[in-house]
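In what follows, a structure is listed as structure tokens, so that the remarks can point back to it.
Quick note: the coordinates plus some simple rules give every number you see, no bench work behind them. In this text, all values refer to a predicted model and were calculated from it rather than measured experimentally. Don't worry about glycine lacking a Cβ; one is built from the backbone with ideal geometry, like all the others, and counts go over all protein chains shown.
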Amino acid sequence: MRIIVLIFLFLTLLSAQEELLFYCGTTMAKAMREIAQLMEHKYNIKIQIIQGGSGDLYNSLSMSKVGDLYLPGSDSYIKKHQKDGLFGYSRYVGYNQIAIVVAKHNPKHIKGLDDLVREDLNVALGNPNTCSIGRASIKVLKRYKGDKFVQQVKNNIIIFVNDSRDMNQKIKTHEIDMGLNWKATAYFPQNKPYIDVVAIDEKYAPKKKLLLTMLTFSTHKDLARKFIDLVASKKGKEIMKKYGFLDE
């Protein structure tokens with residue numbers, strides 16, 4: 001009987017699906033899920049996507065040393081933490097760019113960054129300590145009019161939001177009138193009927209590279225590399241373009 005149980009356990013382990021653990025910035029999660037389904041079907045694996053603010057995700061993976069892939073909302077997170085030695089193989093898979101998000105049809109007639117200090121508006125920014133959109137937004141404001149303007153905007157906001165999804169939700173429920181967010185999120189199916197974009201000149205809001213990166217402690221390096229290559233492939237690019245992360 002004991003031998004039968006051991007054989008059963010052994011066969012169970014052999015037949016168990018391999019699973020990739022993927023730390024993904026909130027903005028890119030929908031696109032990554034669609035591509036992950038292709039990977040799961042092709043290789044009979046499971047890809048578990050944990051989404052959240054890029055900084056929070058890095059803190060989690062660096063403490064746990066568990067997982068396979070990391071995709072922050074900007075390559076600045078990769079550059080900042082490169083010295084920690086947790087990043088391996090990576091590829092460019094698209095870009096993020098900041099824009100002003102407003103309610104559909106722009107009822108408050110918002111025209112640009114100067115409106116962030118209008119006292120008649122409810123304004124939000126992303127939290128620069130926890131999410132890529134917050135950190136990148138501060139850089140945009142500094143490029144535009146310097147540190148003094150950054151402080152003026154901070155004095156006028158009603159809330160620091162947790163991530164890009166939280167920003168869009170507050171626009172949709174009319175808790176805020178405007179904020180800075182990743183442009184691509186306004187084109188997601190659940191947001192497009194409710195949100196419009198006011199563009200920011202690229203000299204203030206440059207495109208931010210998205211680097212999909214394997215973690216050095218990954219226990220499924222071959223599969224992680226295959227997934228990265230799939231996202232960077234022609235099919236992956238088509239999906240990234242559909243979600244607003246590529247123009248080509």
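How far is helix 2-15 tilted, in degrees, relative to the longest principal axis of the Cα atoms in the chain, given as a value from 0 to 90 rounded to the nearest 10? The angle comes out near 40 degrees.
According to the calculation over all Cα-Cα pairs in the range 98-198, the P(r) per 10 Å bin from zero is 17, 56, 25, 2 %. Could you give the angle, 0 to 90 degrees to the nearest 10, between helix 29-43's Cα long axis and the longest principal axis of the Cα atoms of the chain? Here the helix axis deviates by roughly 20 degrees. Near residue 47, the amide H atoms lying under 5 Å from its own belong to 20; only residues 5 or more places off or on other chains count, and H is placed 1.01 Å from N. Of all the options 167, 39, 28, the one that moves most in a Gaussian network model of the chain with Cα springs shorter than 10 angstrom is 39.
Backbone phi angles across the range 55-64, fed through the Karplus curve with coefficients 6.51, -1.76 and 1.60 (θ = phi - 60°), yield HN-Hα couplings of x, 4, 4, 5, 4, 5, 5, 6, 7, 7 Hz in residue order; Gly and Pro are listed as x. Relative contact order of the range 98-198, taken over Cα pairs closer than 8 Å and 6 or more residues apart, is 46 percent.
Couplings 3J(HN,Hα) of the range 174-179, computed from phi: 6, 6, 10, 9, 7, x Hz, in residue order, whole Hz [Karplus 6.51 cos²θ - 1.76 cosθ + 1.60, θ = phi - 60°; x for Gly and Pro]. Straight-distance candidates among the lysines for linking to residue 65, with alpha-carbon spacing under 25 Å and chain neighbours fewer than 8 residues away dropped: 30, 46, 79, 80, 83, 209, 221, 226. In order along the range 80-92, the Karplus-derived 3J(HN,Hα) couplings, from 6.51 cos²θ - 1.76 cosθ + 1.60 at θ = phi - 60°, round to 4, 9, 4, 5, 6, x, 9, 10, x, 4, 8, 9, 6 Hz, and Gly and Pro are given as x. For the chain, the longest principal axis of the Cα atoms and the long axis of helix 221-231 meet at an angle of about 40 degrees. Taking springs between alpha-carbon atoms closer than 10 angstrom, which of 163, 68, 120 fluctuates most in the Gaussian network model of the chain? In the Gaussian network model the winner is 120. Where does the charge balance sit around residue 48 when Lys and Arg score +1, Asp and Glu -1, over other residues with C-beta under 10 Å from its C-beta? Its environment carries a net charge of -1. Straight Cα distances below 16 angstrom link residue 203 to the lysines 139, 142, 145, 183, with same-chain residues fewer than 8 positions distant left out. Neighbours of residue 170, meaning other residues whose beta-carbon lies under 13 angstrom from its beta-carbon, give a summed charge of -2 when Lys and Arg score +1 and Asp and Glu score -1.
Run through the DSSP bridge list for the chain and note the antiparallel percent, rounded to the nearest 5.
The answer is about 55 percent antiparallel.
Other residues with beta-carbon under 11 Å from the beta-carbon of residue 122 carry, at +1 per Lys or Arg and -1 per Asp or Glu, a net charge of -1. With loop membership from DSSP and a limit of 15 other Cβ atoms within 10 Å, the longest segment of the chain without trypsin sites (Lys or Arg not before Pro) is 119-202.
Adding -39500 (n - 2.57) for every DSSP H run of four residues or longer, then dividing by how many residues the chain holds, sets the calculated 222 nm ellipticity at -12500 deg cm²/dmol.
Near the amide H of residue 131, within less than 5 Å, lie the amide hydrogens of 55, all on another chain or at least 5 residues away, with H placed in the peptide plane.
Less than 5 angstrom separates the built amide H of residue 24 from those of 50, 51, 52, 71, all sequence-distant by 5 or more or on a different chain.
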